[in-house]
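Notes to accompany the following structure.
Laboratory data are not the source of any read-out in this text; all were calculated from the coordinates shown. Here the structure is a predicted model, which is why all the values come from computation and not from measurement. As a convention, Cβ positions derive from the backbone with ideal geometry for all residues, glycine included, and neighbour counts pool all protein chains shown.
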Amino acid sequence: RKEVEQDPGPFNVPEGATVAFNCTYSNSASQSFFWYRQDCRKEPKLLMSVYSSGNEDGRFTAQLNRASQYISLLIRDSKLSDSATYLCVHLGYNKLIFGAGTRLAVHP
Amino acid sequence: NAGVTQTPKFRVLKTGQSMTLLCAQDMNHEYMYWYRQDPGMGLRLIHYSVGEGTTAKGEVPDGYNVSRLKKQNFLLGLESAAPSQTSVYFCASSYEREDSDTQYFGPGTRLTVL
C-alpha cells in the first residue's frame, strides 16, 4: 500500500463550483500534513498546512481526520486559476512523503 | 531574491554519460533536497543535506551522488546515466527542518536518457 494515496482525477468542474479532494495516509504516527499545488510543468508550491483543528484560507479549507487517516481539501467558488494538480504531503519517518496528486480542471 | 534556481532546465544524455545538476538558493537556507518526479508517482527524495558539508541518502539514492561544498549550492551527479533516470528533477530548500518549515522548490530539470 502506498504511504499516501490520492485519486488522480481529473476533477472537471465549472467555475463557481465547490470541489473536495481526499487523501489517505498509512502512517498513523504522522504529525504534519500539507497541501501543495503544482501547475503543469512547474514546481510544487505550498498551498497550506493542515492542522488537527482544521484550517481555512480564503476559499480553501483543509481538514484532518486522524481516526480514518485522511486529510481533505475543499475549494469553494472555483476559479479558472485553480486548475492545477494538488499534492497531498505528510511527514513520515523524518522526510516528506508526497502523493502523486489530484488534477483539477476548472472550466468556464 | 531569485529563490531556488536550477541548471540546466533541459538535458538529453546517452546511456553511460555523466552529468551534474546544479541547485542554488539565495535564502540562506540550511536544508536542501533533491527529488525526482515520475508520471503517476509522487516526488521521491534522492538525497538531502542538513547543512554545508553534510549529505544524507533519501528514498532513492542509487545511481546518484551529491555534494554541498557551499551552503548555497547543492549538486546532484549522475556518474553513468541509465534510461531509468529519465525524470524531472526538483531541488528544494528550507530554513529549518522539513517538518516545520516550508520547502521552496526550484523550477525543475527535465532529463532524458536515451
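Just B:LEU45, B:LEU75, B:LEU13 to compare: in a GNM of chain B, with alpha carbon springs under 10 Å, which one fluctuates most?
Greatest mean-square fluctuation among the candidates belongs to B:LEU13.
Between segment B:34-57 and segment A:68-108, what's the alpha-carbon centroid distance in Å?
Answer, in whole Å: 21.
Which one, A:VAL50, B:TYR95, A:ALA84, is farthest towards the positive end of the dipole of the protein assembly as shown when Lys and Arg carry +1 and Asp and Glu -1 on their Cβ?
A:ALA84
Could you pull out every residue, at least 5 positions away or on a different chain, whose amide H is within less than 5 Å of the one on A:GLN69? Hs are placed 1.01 Å off N in the peptide plane, and Pro or chain starts have none.
Under 5 Å from the amide H of A:GLN69: no residue qualifies.
Of the beta bridges DSSP finds with both residues in the protein assembly as shown, what % are antiparallel, to the nearest 5? Write down the numbers at each step before the final one.
Numbers: 69 of 77 bridges.
Taking every DSSP beta bridge with both residues in the protein assembly as shown, the antiparallel ones total about 90 percent.
Which three extents, in whole angstrom, do the alpha-carbon atoms of chain B cover along their principal axes, largest first?
37, 30, 26 Å, listed from the longest principal axis down.
Excluding the sites themselves, what is the longest stretch of chain B that contains no trypsin sites (Lys or Arg not before Pro) in a DSSP loop with at most 11 other C-beta atoms within 10 Å? Walk me through the numbers on the way to the answer.
Values: sites that count: B:LYS9, B:LYS14, B:LYS70.
For trypsin sites (Lys or Arg not before Pro) (loop position, at most 11 other Cβ atoms within 10 Å), the longest site-free span of chain B is B:15-69.
Quick one: pull the percentage of alpha-carbon pairs in the protein assembly as shown with a separation above 27 Å. Could the numbers behind the result be given before it?
Details: 8373 of 24531 pairs.
Value for the protein assembly as shown (Cα pairs over 27 Å): 34 percent.
If I take every Cα pair under 8 Å that is 6 or more residues apart in segment B:1-65, average their sequence separation and divide by the length, what percent do I get for the relative contact order?
Here the relative contact order equals 23 percent.
More than 12 angstrom separation, counting every C-alpha pair in segment B:27-72; what % is that? Provide the component values of the computation, followed by the final result.
Working: 612 of 1035 pairs.
I get 59 percent for the Cα pairs in segment B:27-72 exceeding 12 Å.
Plugging the Kirkwood radius over Cα pairs into Stokes-Einstein for segment A:48-108, at a temperature of 4 °C and a viscosity of 1.567 mPa s, what D comes out in µm²/s? Please report the intermediate quantities before stating the final value.
On the way: Rh = 12.9 Å.
Answer from the Stokes-Einstein relation: 101 µm²/s.
With a cut-off of at most 12 other beta carbons within 10 Å, and DSSP calling the residue loop, which chymotrypsin sites (Phe, Trp or Tyr not before Pro) in segment A:3-108 qualify? Please list them. Mind dumping the intermediate values first?
Details: sites: A:PHE11, A:PHE21, A:TYR25, A:PHE33, A:PHE34, A:TRP35, A:TYR36, A:TYR51, A:PHE60, A:TYR70, A:TYR86, A:TYR93, A:PHE98; in loops: A:TYR51, A:TYR93.
Passing both the DSSP loop test and the Cβ count: A:TYR51, A:TYR93.
Anyone know which of B:PRO61, B:PRO39, B:PRO83 comes out most mobile in the 10 Å Cα GNM of chain B?
B:PRO39
Quick one: among A:LYS45, A:LYS95, A:LYS79, which has the greatest mean-square fluctuation in a GNM of chain A with alpha-carbon springs under 10 angstrom?
A:LYS95
How large are Rg and Dmax for segment A:1-102 when calculated on the C-alpha trace, in angstrom?
Rg, Dmax (Cα atoms, Å): 13.0, 39.
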